[in-house]
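Note sheet for the following structure.
Rule-based calculations on the coordinates, nothing more; no lab input. What you are looking at is a predicted structure, and each value in this text was computed from that prediction instead of being measured. In this analysis, Cβ positions are derived from the backbone assuming ideal geometry, glycine residues included, and neighbour counts consider all displayed protein chains.
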Amino acid sequence: MSDEYENKSGYQAQSSEALTGSAGSAPDMDYVRPAELPEQDLYHGHTFLTKWVFCQDAKVIGVQYFLTAVFTGIVGLILSWLMRLQLGFPGLAGFITAEHYYQFVTMHGMIMVVYFLTALFLGGFGNYLIPLMVGARDMVFPYVNMLSFWMFFVAVAILMASFFVPGGPTGAGWTLYPPQTILEGTPGSGMGILLMLISLALFVIGFTMGGLNYMITVLQARTRGMTLMRMPLTVWGIFTATVLAMLAFPALLVSAIMMTLDKVIGTSFFMPTILKAGEVLEYGGGSPILFQHLFWFFGHPEVYIVALPAFGIVSDLISVHARKNIFGYRMMVWAIVGIGALSFFVWAHHMYVSGMNPWFGFFFATTTLIIAVPTAMKVYNWILTLWRGNIRINTVMLWCLGFIVTFVNGGITGIFLGNVSVDVPLSDTYFVVAHFHMVMGIAPVMVIMGAVYHWFPLITGRLLNETLGKWHFWATFLGAYSIYFPMHYLGFIGVPRRYYEMYDSPYMTSAVGMNEFISLAAFLVGAAQFILIFNIIKTLKTGKPAPKNPWKANSLEWHTSTQPPEHGNFGERLPVVHRWPYDFSVPGAKDDFIPQTTPPSEVVHTKVEKT
Amino acid sequence: MHAGIIFFLVILGSILFHIFTPWYWTDIASNWKGMDDTITLTFWVGGGVFVAVCLFMIYCVFKYSYKEDRKAEYKPEDKKLEKILTVATTLGVAALLAPGLIIWNQYVNVPKNSIEIDVMAWQWGWQYRLPGNDGKLGTTKVVNINDDNPFGINLDDPYGRDDVMVQSDIINLENNRPVKILLRSVDVLHNWYVPQFRAKMDAVPGVVTYYWFEPNKVGEYEVLCAEYCGVGHYAMRGGVEVQDPNSYQEWLGEQETFSDLLAKQNKEIETKKVAKNNSNIEKVIYKEEK
Amino acid sequence: MSDPKIDGFELKPGFRGMASDTGSDQTMFKGVHWGKAMMWIFLLSDTFVFSCFLIAYMKGRGSTPVEWPNPSEVFALEAFGVPVPLLLIALMTFVLITSSGTMALAVKYGYEKNRKMCGWLVLATAIGGLTFVGMQAYEWSKLIHEGVRPWENPFGAAQFGSFFFMITGFHGTHVSIGVIFLFIYAYKVFAGHYENGGKRGWFTTMKGDYVEIEILGLYWHFVDLVWVFIFAFFYLW
Ligand code: HEM
Ligand SMILES: [Cu+2]
Ligand SMILES: [Cu+2]
């Protein structure tokens, strides 16, 4: 075997030696507690297989997650085109029957929420950024981390396989509500749903392996001087989202297991007595609403699993590019943690009109609106970070601004839907579709795009083209906004969601024009993503090499020994952290940024307030 | 510069769209005006916040865009401002929540004088049953359902005998008289929703769910299914006709009761039911072709 | 790494200690092995899995239209010609709790670097777990013999069989996985993988240490604790 371990136990000794050695010369104010942990041994692959395929380097795993998630995202995007084709121009594409339409809706929803956004934020950004940002050499369990990706990969493969089995993929809606989901007559109620459930279970198992890594790395493997309150908000967002996922996915796993049993061996966990085509089925005595509770106990935290990393990342991007410290860091951290905790107590706001005991409505409406307060605080803090800043209006910042607009828009419509009695007329209409796309579709995608432009130089060593980036942004932002802003009004009219066609009711036909417009905008948005792909290819071939730390950021990922960072991240010696990552434009400092690794003795003459 | 202008136009466009939109809710035809009012209130408060936040953001983009010689302010924490914002937001949210809860309280408490209507859903259609002279609906069971007993009424339940069976997908309602909709389904989830009445609730197989409203405008309305129930979901329609009391009584008198039905248990019923099923199927096909 | 002596950091007791650990750099749980922290968090997640199962069971039991079977009749075992309610279950519970005891002793001897004792006790725990799985298999076959199936049963609500087989099956899988690992770890202890600096495992870059026995022990105690809940919910309710 040509692969080998590199035993770095020597390094740590060296660094603590250096510490004691320099203790005499360096002023006391620079003192940082010595290392608690021995150096982490890393496994270095040398063959193609161990270096790029079954790689144990979190950065490579992050990129693998990223690319796989983007692939599913493209599938989801193509499905959305097909749906919009049908809704805007019914009958134009003859092959989109009602069955197919519902299969597209289901797969689109599930792919976008779970396999695209969750995997991309936690698996992609989480793997790449957590070790770098907290100053670790790698995730704490690199082997398990590698397994996590491959489990995810298999889950995606199984999901995609369901497109090709007899009966096609499941068409039960991404919420998979029983009894519908497993009854004959529903598209894909045979192999399709089975593969979906298996794929979800594998996803959960794979995610658990990754999630343990993310959590322990943040909790137990930070570098010297890196306290929790000095972590970039990106890490806080991803960490909290991981905690939510670790506690919410169990409900999904359990409901998937129970539904599989209902489907395969004929138990009746979720299946009441059913009369179908004049015959009473074998099922009886189960509770469909039980499934909904389990599903949304997972499903609501899931929304925040997607949102919290986006919150964290966007905070960092705004701060770096506005050259200003993040406003109210502590408040931001507590808001992230508070939102995370509260998100376990709001799930039934998806079920106001589900037929559950209506008295729950009071409780869940109250908790839901309480969650609006920390969320609003985050928004205030973003715009107050811009205030009196020195804002670079570059592509990254544009995505952040686009995020603020779409997120606030979607957040406000969330207050409509959370407030029980307002939800009654609006639930299950296009208002809901517009709301969740704005808040958890478009807004997080804006952040992803911003993050791609921001960290691309770190990952590849080249800067993406700004002009193309701006075109990409405006086409995507304006297009997406014109899809979803008018769509709310379809909901006001009363058009229910998951309608294959909107025909004949007089007040619905009035919206034909709007539907055509929305579809055209959707095609534009999809097409605009090719600008990014073109930009990436072009940059990789001929792009400008990025200078070290091109954005003049403070956090550790930009202060590695090489750019892009190598395996082990920080070369010979791990960085030592002396401050939070938001010391921008400190009065008296010679640059407008002070990296986290700068010791206090070098900036004594400045007015740093926070460390 | 141009970025700020475009963002400003987006916000301006949103406001103008809202003012001039030809698409807004249908004229209300029930007692749930409170829902509309709460939406309006939320709209103004929420819309105000949205516009304010975005305008502030645009202002910052204009005022503070990058200049080499400018230095951003350095002020990590501003406890006072944060406190003010938290308190103001909390108050705003509470002000929106209060009317929401008050109306929900009305929604879950059904008035005593309401008529109960059994709305039975299946893939893909509706049928209705009203209590007879005793004012009570008979109990039902899914397994009882057959051609002779389309609602699955328990034969040993005395309350069931005089129930009025509306074997049509259109139900007539008396104007200004509250109705309690009792929903049940024999197969999957459905939702009986008339946009003009604003109210809705899922029909869940295995249990009976309910909601109530009071129609207050004579006219014909369309029932839409608002919970995904399979490939026929989008075509699962029904109807409501709200009538003045006299016409309503007249219509009610013409309907068959369960005992009528039991009395003439013969082949005829069977053919009728088959024909009805066929017409349902035809309807779906017809709509798909359109 | 089991006994923390951290330079320059005073471990304070109680709540203040927790707060100062949380506020510190590098680690939140001072001196806690990565693997041990991971196991704790995994078990927290697993707790949610079992909670979901048991809550679903409560809801399912509460909403079936058909009567729930009487557990003390269904689970009775004939001993010397008299049906004794819950006899088998009591035995199973006893075996499992005992195996938790041997596991705890194994951890103790592990930290004392007493390789022989530690190995034998891990092996004893594995055998206890195996016995439990065997008795469970016996109980399953007895119930199946009496006509209980996941989709129906002669005693009442069909959901009884569904929940019983699903939840005990899921728990039994946990026990079986634990047994497999106990055997592997017993081998590793005897083979000396945790001695003299430790030998690297297959799945990890970390070197072996007796702390791994403690980590496995955590899992085992958890599985045990879950059984107590299952016992209470199925047999005593
Ligand atoms: C421009 C991109 C997108 C377009 C044009 C689009 C379009 C659509 C359409 C037409 C539907 C079906 C609505 C219905 O019939 O009820 C839908 C449903 C859905 N979409 Fe998207 N979508 C896009 C991006 C996203 C993203 C990024 C997400 C990630 C959260 C997402 C999540 C969902 C979900 C969860 C559903 C509901 C599926 C269901 O009803 O079962 N979409 N989308
Ligand atoms: Cu939610
Ligand atoms: Cu429907």
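How would you order C:161-170, A:462-471 from highest to lowest mean count of nearby Cβ atoms within 10 Å?
On the way: C:161-170: 21.1, A:462-471: 18.1.
Descending mean neighbour count gives C:161-170, A:462-471.
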Once the in-chain neighbours fewer than 8 apart are removed, the aspartates and glutamates whose Cα is under 15 Å from A:K59 read A:D138, A:E557, A:E566
Please determine, in degrees from 0 to 90 and to the nearest 10, the orientation of helix A:395-418 with respect to the longest principal axis defined by the Cα atoms of chain A, where the helix direction is its Cα long axis.
40
Over all directions, how big on average is the projection of the convex hull of the alpha-carbon atoms in the protein assembly as shown, in square nanometres?
47.9
Check which residues have an amide H placed less than 5 Å from B:V223's amide H, if you skip close sequence neighbours.
B:G238, B:G239, B:V240
Nearest 10, in degrees from 0 to 90: the angle of helix C:87-111 to the longest Cα principal axis of chain C is 10
Please turn the phi angles of the range A:343-349 into ³J(HN,Hα) values with the Karplus equation 6.51 cos²θ - 1.76 cosθ + 1.60 (θ = phi - 60°), one per residue in order, whole Hz, x for glycine and proline.
5, 8, 10, 10, 4, 6, 5
Under the Karplus relation with 6.51, -1.76 and 1.60 and θ = phi - 60°, whole-Hz ³J(HN,Hα) for the range B:133-142, x at Gly and Pro, equal 4, 6, x, 10, 7, x, 6, 9, 8, 4
Which residues' amide hydrogens lie under 5 Å from the amide hydrogen of A:K276, considering only partners 5 or more residues apart or on another chain, with H built in the peptide plane?
A:L281
Just going by the charge dipole of the protein assembly as shown, with Lys and Arg at +1 and Asp and Glu at -1 on Cβ, which of A:V32, C:A124, A:S427 is farthest out on the positive end?
A:V32
Calculate how large, on average over all directions, the projected area of the Cα convex hull of chain B is; give the answer in nm² to one decimal.
22.2
For the protein assembly as shown, size of Cβ-based charge dipole, Lys and Arg +1, Asp and Glu -1, in debye
3540
Rounded to a whole number, the mean other protein chain Cβ count within 10 angstrom for residues of A:403-414 is 4
Just the Kirkwood number for the range A:51-116, please: inverse of mean 1/r across all distinct Cα pairs, in Å, one decimal.
13.4
With only Lys, Arg, Asp and Glu charged, each at its Cβ (+1 for the first two, -1 for the last two), find how big the charge dipole of the range B:115-284 is about the Cα centre; round to the nearest 20 debye.
380
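Can you flag which of A:K378/A:K552; C:K36/C:K108; A:K552/B:K79 are past 20 Å Cα-Cα?
In this structure, A:K378/A:K552; A:K552/B:K79 lie more than 20 Å apart at Cα.
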Span from the the range A:163-180 Cα centroid across to the the range B:119-166 one, whole angstrom:
32
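Using only C-alpha atoms and all pairs of different ones, pull out the Kirkwood radius for the range B:115-284 in Å with one decimal.
Details: mean 1/r = 0.0615 Å⁻¹.
Computed over the range B:115-284, the radius equals 16.2 Å.
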Highest mean first, what order results for A:89-101, A:135-147, B:26-38 on Cβ atoms within 10 Å?
A:135-147, B:26-38, A:89-101
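Please compute, for peptide A:279-288, the average count of beta-carbon atoms on other protein chains lying within 10 Å of each residue's beta-carbon.
That average works out to 6.
Using a 10 Å cut-off on Cβ to Cβ distances, tally the other chain neighbours for every residue of C:42-54 and report the average as a whole number. Don't skip to the end; give the middle numbers.
Values: counts 6, 0, 5, 13, 3, 2, 9, 8, 2, 4, 12, 5, 1.
Across C:42-54, the average partner-chain Cβ count within 10 Å equals 5.
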Using only Cα atoms, find the angle between the long axis of helix A:443-460 and the longest principal axis of chain A, and express it within 0 to 90 degrees, rounded to the nearest 10.
40
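To make sure I understand, if each residue's beta carbon is the centre and we count other beta carbons within 10 Å, what order do B:C60, B:C225 fall in, fewest to most? The partial results should precede the final answer.
Values: B:C60 21, B:C225 30.
Listing B:C60, B:C225 from fewest to most nearby Cβ atoms yields B:C60, B:C225.
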log10 of Debye I(q)/I(0), alpha-carbon scatterers only, for the range A:460-611 at 0.09, 0.10 Å⁻¹:
-0.58, -0.65
Give the peptides B:72-82, C:54-64 in descending order of average Cβ contacts within 10 Å, highest first.
C:54-64, B:72-82
